[in-house]
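Please find one structure pasted underneath; my questions will follow.
The values are calculated or read from the model by the stated rules, or taken from the named source; none is laboratory data. Quantities reported herein were computed from a predicted structural model and do not represent experimental measurements. Cβ: placed from backbone, ideal geometry, glycine included. Neighbour counts: every protein chain shown. In case anyone asks, the SASA skips ligands and DNA or RNA and just uses the protein heavy atoms, side chains included. Shrake-Rupley method; radii C 1.70, N 1.55, O 1.52, S 1.80 Å.
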Amino acid sequence: MGKGFFKVPVAQNEPVLSYAPGSKERDRVLEAYKSMYNSTIDVPLLINGKKITTGNTQTVSPPHDHQHIVGTYHLANQSHVEEAISTALEARKTWSQMPWEQRAGIFLRAAELIAGPYRAKINAATMMAQSKTVHQAEIDAACEFIDFLRFNVQFMTEIYSDQPQSTAQAWNRIEYRPLEGFTYAVTPFNFTAIAGNLPACMALMGNVVVWKPSDSQVFSAKIIMDIFEEAGVPPGVINVVFGDPVMISETVLSSPDFSGLHFTGSTFVFKELWKQIGNNIHNYKTYPRIVGETGGKDFIVAHPSANPKQVATGIVRGAFEFQGQKCSAASRAYIPKSLWSDVKTSLLEDISSIKMGSPEDLSNFMTAVIHEGSFDKIASYIDRAKKDSEVEIIAGGNYDKSKGYFIEPTVILTTNPHYETMCTELFGPVITVYIYEDDAFEDTLHLIDQTSEYALTGAVFSKDRYAAATATQILENSAGNFYINDKPTGAVVGQQPFGGARASGTNDKAGSAQNLLRWVSPRLIKETFVSPEDYKYPFLD
Ligand code: NAD
């Protein structure tokens, strides 16, 4: 154990680089992009620190250029998953006893590797294989990931410092033990930072992990694997398996040693996993922790006092950055009648200036959606909207998948506040707008609260403080992250802990100590200095 009360570096948010013309970072990221685009990588499984190739492979292609192959990855079969589990349990014997400062050292080193030598690589991989613009890649794959790693170390020490009262006669201590068994991280395609953070934060707290990345995030997952290896994560602590998510999850969740699920992805999948865990509950050695951050139907509501230009900017950035594929992306907006003409003018003007194409061309604000399944789903909603008399498409509405999965930024205007695109998560560059009567602000807030099953993010724009206060109160349960006069996206680790409730997740706030608390099982130790030697209490005399 440690021989000192060590202080960790005070966590600071990584500055976002500009990538302006002439900047060094711009040259570096474009060079890395070109080199990745013009070669191929082969991504193995990682089990017990060994790179396993299975021969059963899939290809990786950029969503904006889907006929071009940039790599292959290997799929696990059931025996690989079983090996990942047994290997993790073996590694647990030493890893769970590793002094915390050694674990901290590994993940702080990982943060600095990303900030320095891996920055261009991890950003270029995220641009190329998840179709993010350079700015979207920088705030995710570099900055948010670095912030998670740095802040988690600080949060860990804050948790460890939280100790009970003692007396002169007895000393009370709490040990924050890792969970007994192994944990399971299942990560989405849309944030490289989330993909890295979910396994890393559990490992930081002393757990061993089986990590299943998304098939659509394999390329940057490989860079994360390389960073963890170089940072010194020991063999077996984080094991990576790609492949059939149903088989992998069934194998993992049927193990008696399964002790925690850290999931980010869609609501349906999370509920299915929860159900499986429930079905297996009699087989487990311990009650598993279940953390899931899931879908959203995030809103912007403008009060008649709002600045229309600010509302339009909030919509454009909130709905269309990263093609609307953020769980926090604005996808329904409620605008008062008196403000609509001005909001609409700014909105259409902004949208007409948006360029879309490959992320390699840095003047593009948008690129492609992640895969054909997603493209077809979004296109089908747009097609239905074109035919429906309750709605009108006032911007965008075109799509083309001949080279990449491109969908124009699309604005649907509806007279039906319960129209399907006001309620369902599309996960694409589509926002639906409903115009309300100026004197119906409070009714509209109740409508927002009741319209969807989700409660992830939401924003109110208002210069009137009473109106902002009313919205904050009526929408108390409609969003886990609520914004006043700002877009509902762009949460920063350490500043806006992130997560939602209702069908949006367990709200265990990624980027805060609350999340890390789910990955430990406290043990209270009471040490009595002089033990009594007579069982009789004075009242018995
Ligand atoms: P997804 O649910 O399709 O996939 C997420 C993960 O689950 C992937 O690793 C996938 O392979 C796996 N998976 C898919 N089907 C499975 C099954 N039947 N059994 C077990 N695992 C399975 O989600 P996605 O498309 O990668 O990501 C988009 C979704 O994630 C959106 O709904 C979005 O709102 C949500 N999301 C939420 C947050 C948040 O913090 N609330 C953050 C990012 C993404």
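Considering the stretch 490-514 alone, what residues qualify as being touching a Lys or Arg at 6+ places or on another chain (Cβ under 7 Å), open to solvent by 10 Å² or more (accessible area, probe 1.4 Å) and in contact (Cβ under 8 Å) with a residue 24 or more places away in the chain?
Within the stretch 490-514, 498, 508 qualify.
Determine, yes or no, whether residue 311 is away from the ligand (no atom under 14 Å from the Cβ) and among the β-branched types (Val, Ile, Thr). First the steps, then the outcome.
Details: away from the ligand (no atom under 14 Å from the Cβ): yes; among the β-branched types (Val, Ile, Thr): yes.
Yes; evaluated as a whole, the condition is true for this residue.
Looking at the stretch 488-496, is at least one residue more than 28 Å from the chain's Cα centre (by Cα) and among the aliphatic types (A, V, I, L, M)? Don't jump to the end; show me each part of the working.
Taking the stretch 488-496 as the starting set, the residues that turn out to be more than 28 Å from the chain's Cα centre (by Cα) are none.
No, every residue in the stretch 488-496 fails to be more than 28 Å from the chain's Cα centre (by Cα) and among the aliphatic types (A, V, I, L, M).
State the number of residues belonging to the stretch 326-348 that are β-branched (Val, Ile, Thr) and open to solvent by 30 Å² or more (accessible area, probe 1.4 Å).
Qualifying residue count for the region: 1.
Could you list, in sequence order, the residues of the stretch 503-523 that are among the basic types (Lys, Arg) and touching a Gly at 6+ places or on another chain (Cβ under 6 Å)? Don't jump to the end; show me each part of the working.
Going through the stretch 503-523, the residues among the basic types (Lys, Arg) turn out to be 509, 518, 523.
Once the filter is applied, which keeps residues that are among the basic types (Lys, Arg) and touching a Gly at 6+ places or on another chain (Cβ under 6 Å), the stretch 503-523 yields only 509.
In the stretch 278-289, is there at least one residue being in contact with a Pro (Cβ under 7 Å, 6 or more places away or on another chain) and open to solvent by 30 Å² or more (accessible area, probe 1.4 Å)?
Yes.
Would you please name the residue that is nearest to the ligand (Cβ to nearest atom), looking only at residues in the stretch 277-308 that are touching an Asp or Glu at 6+ places or on another chain (Cβ under 7 Å) and polar (S, T, N, Q)?
Only one residue fits best here, namely 286.
Looking only at the stretch 176-183, decide whether some residue is more than 27 Å from residue 406 (Cβ to Cβ), among the polar types (S, T, N, Q) and within 16 Å of the ligand (Cβ to nearest atom).
Within the stretch 176-183, one or more residues are more than 27 Å from residue 406 (Cβ to Cβ), among the polar types (S, T, N, Q) and within 16 Å of the ligand (Cβ to nearest atom).
What single numbered condition from (1) open to solvent by 10 Å² or more (accessible area, probe 1.4 Å); (2) away from the ligand (no atom under 16 Å from the Cβ) fails to hold for residue 149?
Of (1) open to solvent by 10 Å² or more (accessible area, probe 1.4 Å); (2) away from the ligand (no atom under 16 Å from the Cβ), only one is false for residue 149: (1).
Of all the residues that make up the stretch 63-117, how many are polar (S, T, N, Q) and within 20 Å of residue 218 (Cα to Cα)?
4
Which condition does residue 259 not pass, out of (1) farther than 30 Å from residue 112 by Cα; (2) surrounded by 19 or more Cβ atoms within 10 Å (Cβ to Cβ); (3) within 15 Å of the ligand (Cβ to nearest atom), if it passes all the others?
(3)
Give me the pairs: first residue in the stretch 139-168 and under 27 Å from residue 19 (Cα atoms) and in contact (Cβ under 8 Å) with a residue 40 or more places away in the chain, second residue loosely packed, with under 15 Cβ neighbours inside 10 Å and of a type in the set (Val, Ile, Thr), beta-carbon distance under 6 Å, and six or more apart or on different chains, which are they?
Listed pairs, sorted by first residue: 139/16; 143/16.
Look at residue 531 and say whether it is in contact with a strand residue (DSSP E or B) (Cβ under 6 Å, 6 or more places away or on another chain) and in a loop (DSSP other than H, G, I, E, B).
When the stated conditions are applied, residue 531 does not pass them.
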